[in-house]
Amino acid sequence: MHPYLFEIDLPFLSEPFRLRAFGAMVAIAFLVGAHLLQRLAARHGDDSKGDPARYSAMTMWALFGIFGGARLMYVVVEILRDSPTGRSYLSDPLSMLFFWEGGLVMYGGLIGGVSAGLWRARLEGVRLWNGLDLGLTAAFFAQAIGRVGCLMVGDDYGRVVPEAYRSLPFPITLRVPEPLPPGSLFGAQNAGEVLWATQPWMSINALLLGIVAWTILQRRRYAGQVSLWVLLLYSLTRFSIEHFRGDAVRGKWFADSISTSQLISIIAAAACVALLVRGRGRTDAAAA
């Protein structure tokens, strides 16, 4: 676990410049996802020559939407919960922008990225459901890489493992370093503890969903079928993984019985099931 990959002393900075592992992994994930999306656009788009450029334009907008949506949802949830963090945002509104201090909600990033990407897709003349199918396929492969950054910095960590299960190997459990390396987000209370390895779970889950999306994409009967299936599966798997999360910085509702992500998972899963049932027997010749 290495929150900082390296640091460099620069004469014009009062403190060393540090390259944070999370930022590096997100950058790698974005480049891989963007490249994969262009390849998918050439194969499954409506215009094999023009669509790669159109999808490339969508990618940058989706990136801004991901970070903006992820941060916005976190800030809104904390303010609605009237938590100490939410009250600090109201007293110092500028701190709402300090996402590097922690506080991103994946579902918010998903909603923001999809919204911004589809807005640009409409301007580019890309079929929206087809764009969503290809975009989510690439995004889950990218997320598998980006989630490695969560492990390296100690974000999105799991609960303390009961004594009976502490001998389970990685990636089921992990032992937090003691002392914690500088910049770690595991929290001092977890130093030396054995936690559920929720960060690798989410990375593996994203990789498997990317494979599922790619497989369905080769056989889909209509545009949107890939999106509905992977969003349904993600909702179910994310709901399950949330039971093992130990970080409190994600919002809890109904007497702390359910997290924000679990609440959204229920709504998203229900919507996907309804649309999949509605699409039974549907065939779209242009989906291949």
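The values are calculated or read from the model by the stated rules, or taken from the named source; none is laboratory data. If you're wondering where the values come from, they're calculated on a predicted model, not measured in any experiment. Virtual Cβ from ideal backbone geometry, glycine too; neighbours counted across all protein chains shown.
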Open item on the list: Given the options SER235, SER203, SER227, name the one that is crowded, with 18+ Cβ neighbours inside 10 Å, of a type in the set (S, T, N, Q), closer than 30 Å to ALA42 by Cα and touching an Asp or Glu at 6+ places or on another chain (Cβ under 8 Å).
Closed with: SER227
Task: Selection within segment 143-168 - over 20 Å from LEU5 (Cα atoms), crowded, with 20+ Cβ neighbours inside 10 Å and either small (Gly, Ala, Ser) or touching a helix residue (DSSP H, G or I) at 6+ places or on another chain (Cβ under 6 Å) (or both) - done: GLY158
TODO: Spot the failing condition for ARG54; the list is (1) closer than 29 Å to PHE141 by Cβ; (2) free of Cβ contacts under 8 Å to residues at least 24 places away in the same chain; (3) more than 17 Å from the chain's Cα centre (by Cα), and only one is missed.
DONE: (2)
Task: Hits in segment 212-235 (condition: among the hydroxyl-bearing types (Ser, Thr, Tyr) and either closer than 16 Å to GLY113 by Cβ or in contact (Cβ under 8 Å) with a residue 60 or more places away in the chain (or both)) - done: TYR222, SER227, TYR234
- [ ] Evaluate segment 245-256: report whether one residue or more is surrounded by 15 or more Cβ atoms within 10 Å (Cβ to Cβ) and more than 22 Å from ALA21 (Cβ to Cβ).
- [x] yes
Open item on the list: Looking at (1) over 14 Å from the mean Cα position of the chain (by Cα); (2) free of Cβ contacts under 8 Å to residues at least 60 places away in the same chain, which one does LEU40 not meet, given that it meets all the others?
Closed with: (2)
- [ ] Sort out which residues of segment 1-15 are under 29 Å from LEU174 (Cβ atoms) and at pLDDT below 80, and write them in order of number.
- [x] MET1
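Of all residues in segment 1-24, which are assigned to a loop (DSSP other than H, G, I, E, B) and within 18 Å of ARG147 (Cβ to Cβ)?
The first filter runs over segment 1-24 and keeps only residues assigned to a loop (DSSP other than H, G, I, E, B), leaving 1-3, 9-16.
Scanning segment 1-24 gives MET1, HIS2, PRO3.
Can you find a residue in segment 161-169 that is in a strand (DSSP E or B), modelled with pLDDT of 95 or more and farther than 29 Å from ALA34 by Cβ?
Our first condition is that a residue be in a strand (DSSP E or B); within segment 161-169, this holds for none.
No, every residue in segment 161-169 fails to be in a strand (DSSP E or B), modelled with pLDDT of 95 or more and farther than 29 Å from ALA34 by Cβ.
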Task: From the options ASP9, ASP82, ASP51, ASP47, residue that is on the phi > 0 side of the Ramachandran plot and either out of contact with any Ser or Thr (no Cβ under 7 Å at 6 or more places or on another chain) or surrounded by 13 or more Cβ atoms within 10 Å (Cβ to Cβ) (or both) - done: ASP82
Open item on the list: Considering only segment 126-140, I want to know if a residue exists there that is crowded, with 23+ Cβ neighbours inside 10 Å, under 26 Å from SER235 (Cα atoms) and among the polar types (S, T, N, Q).
Closed with: yes
- [ ] Taking only segment 31-56 into account, find how many residues are hydrophobic (A, V, I, L, M, F, W, C) and modelled with pLDDT under 90.
- [x] 1
- [ ] Six or more apart or on different chains, Cβ under 9 Å: which pairs go from a residue in segment 76-89 that's in contact (Cβ under 8 Å) with a residue 24 or more places away in the chain to one that's among the charged types (D, E, K, R) and part of a helix (DSSP H, G or I)? Could you list them?
- [x] GLU78/ARG87; THR85/GLU78
